[in-house]
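Participant: Got a structure for you, questions after.
The values are calculated or read from the model by the stated rules, or taken from the named source; none is laboratory data. It should be emphasised that the depicted structure is a prediction, and the values quoted were computed from it without experimental measurement. When we count neighbours, we look across all protein chains shown, and the Cβ atoms used for this are built from the backbone with ideal geometry, even at glycine. Side chains included, ligands, DNA and RNA excluded: accessible areas come from the protein's heavy atoms. Shrake-Rupley method; radii C 1.70, N 1.55, O 1.52, S 1.80 Å.
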Amino acid sequence: MARDLCERCPGTEVRLLVVTPAASPAVLAVAADLEVSILVADSGGVTGVLRPPGAASVFLDRQQPALARPRPPGRVPWGTYALAFALLDAPAPDQAILAARAGVTRSRATQVLATLGDLVAHTKQGWAPADHLALAGWLADHYPTTTPLSTTWASLDPPVHTAETVSAYLGAADVAHAVSGPVAADLLAPWARPSDALLWSASLVDLQPLGLTPAPHTEATLTLAVSPDPHLLPTARTARDLPVLPGWRLWVDLVHHGHRDAADSLATAIIQGQAT
């Protein structure tokens, strides 16, 4: 059908979007030949290729099945998570300062502190986590793991070099982003050679001009993802010339992606004040 539509519009660039529950390799090949966007949506997520006119193709790959989990219905309480992360970063003398750091209203801060209950404490320094690992563990359990948009890539270069190259590319394009995963953990608390890189970005970008190849997550060395959390990218800070997530946000990412050893090493460094 797509071929027929293209033939009926001589001299006109036609780009179709096909959404289907399944697609065989032959169908994917035809879609590539006709430059048709195709999304395969099933119970495991969405994969496929978006081919917008006049722009680079964007390859979508679903999250690792073990990472995604159902979340309760309703709006995601991003402000609650932002305030919890802000408390993990440093104590706050009062609720007004804490609210400003978290990017929420004063009244919302009051509600969140009540919701967190025994996970937070009011000390001489102000508001602080009652136990850093307990509050971080609560975030790991509740912070959403589902990422609506992500692409996975393979490179022959070491993940650290790949992350640096992609970060420079995004920076030159004025695309806000932050490095996370094992590469960022190695920057803050060196532990082991990073196996892969995770970059959160304001938008998806085609990385093929950098020599990266679209790859399934099982073979990928870098994941580029768009987070639905409006508070995530503004928290990025510079470490060795790279924008990286703050320690406890990074820790949650490591836990969610199965890098438990790196997460434990990072948590120890943060608590002992050794994370650079």
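Participant: Hey, among the residues in the stretch 138-179 that are in a helix (DSSP H, G or I) and among the charged types (D, E, K, R), which one's nearest to residue 79 (Cα to Cα)? Lay out the reasoning, then the answer.
Facilitator: Taking the stretch 138-179 as the starting set, the residues that turn out to be in a helix (DSSP H, G or I) are 138-142, 159-172.
Still in the list and also among the charged types (D, E, K, R): 141, 164.
Values: 141: 16, 164: 30 Å.
Residue satisfying both the conditions and the ranking: 141.
Participant: What's the total number of residues in the stretch 72-88 that are without any contact (Cβ under 8 Å) to a residue 24 or more places away in the chain and open to solvent by less than 40 Å² (accessible area, probe 1.4 Å)?
Facilitator: So the answer is 1.
Participant: Could you list, in sequence order, all residues of the stretch 197-217 that are open to solvent by 40 Å² or more (accessible area, probe 1.4 Å) and within 24 Å of residue 235 (Cα to Cα)? It would help to see each step written out before you state the result.
Facilitator: Filtering the stretch 197-217 down to residues open to solvent by 40 Å² or more (accessible area, probe 1.4 Å) leaves 202-203, 208-211, 213-214, 216-217.
Of everything in the stretch 197-217, those that are open to solvent by 40 Å² or more (accessible area, probe 1.4 Å) and within 24 Å of residue 235 (Cα to Cα) turn out to be 202, 203.
Participant: Show me the strands (runs of 3 or more DSSP E) entirely contained within the stretch 204-276 in which 3 or more residues are over 16 Å from residue 187 (Cβ atoms).
Facilitator: On the way: elements: 222-226, 237-239, 242-244.
Result: 222-226.
Participant: Would you check if residue 119 is aliphatic (A, V, I, L, M), open to solvent by less than 30 Å² (accessible area, probe 1.4 Å) and modelled with pLDDT of 95 or more? Lay out the reasoning, then the answer.
Facilitator: Numbers: aliphatic (A, V, I, L, M): yes; open to solvent by less than 30 Å² (accessible area, probe 1.4 Å): no; modelled with pLDDT of 95 or more: yes.
Taking the combined requirement at face value, the residue does not satisfy it.
Participant: Just to be sure, is residue 191 under 23 Å from residue 136 (Cβ atoms), of a type in the set (A, V, I, L, M, F, W, C) and either surrounded by fewer than 16 Cβ atoms within 10 Å (Cβ to Cβ) or in contact with a Leu (Cβ under 6 Å, 6 or more places away or on another chain) (or both)?
Facilitator: Details: under 23 Å from residue 136 (Cβ atoms): yes; of a type in the set (A, V, I, L, M, F, W, C): yes; either surrounded by fewer than 16 Cβ atoms within 10 Å (Cβ to Cβ) or in contact with a Leu (Cβ under 6 Å, 6 or more places away or on another chain) (or both): no.
Considered against the rule, which asks whether it is under 23 Å from residue 136 (Cβ atoms), of a type in the set (A, V, I, L, M, F, W, C) and either surrounded by fewer than 16 Cβ atoms within 10 Å (Cβ to Cβ) or in contact with a Leu (Cβ under 6 Å, 6 or more places away or on another chain) (or both), residue 191 comes out as no.
Participant: Any residue at all in the stretch 89-108 that's part of a loop (DSSP other than H, G, I, E, B), open to solvent by 60 Å² or more (accessible area, probe 1.4 Å) and modelled with pLDDT under 65?
Facilitator: No, the stretch 89-108 contains no residue that is part of a loop (DSSP other than H, G, I, E, B), open to solvent by 60 Å² or more (accessible area, probe 1.4 Å) and modelled with pLDDT under 65.
Participant: I'd like to verify a number: residues in the stretch 109-137 that are within 18 Å of residue 79 (Cβ to Cβ) and part of a loop (DSSP other than H, G, I, E, B), how many?
Facilitator: Of the residues in that region, 0 qualify.
Participant: Out of the stretch 126-168, which residues are hydroxyl-bearing (Ser, Thr, Tyr), open to solvent by less than 70 Å² (accessible area, probe 1.4 Å) and either within 19 Å of residue 231 (Cβ to Cβ) or in contact with an Asp or Glu (Cβ under 8 Å, 6 or more places away or on another chain) (or both)? Break it down stepwise before answering.
Facilitator: Residues of the stretch 126-168 hydroxyl-bearing (Ser, Thr, Tyr): 143, 145-147, 150-152, 155, 162, 165, 167.
When the remaining residues are screened for being open to solvent by less than 70 Å² (accessible area, probe 1.4 Å), the result is 143, 145, 147, 150-152, 155, 162, 165, 167.
Listed by number, the residues that qualify are 143, 145, 147, 150, 151, 152, 165.
Participant: A follow-up question, please. Given the criteria within 15 Å of residue 182 (Cβ to Cβ) and open to solvent by less than 40 Å² (accessible area, probe 1.4 Å), does residue 266 qualify?
Facilitator: Working: within 15 Å of residue 182 (Cβ to Cβ): yes; open to solvent by less than 40 Å² (accessible area, probe 1.4 Å): yes.
So residue 266 fits the description; yes.
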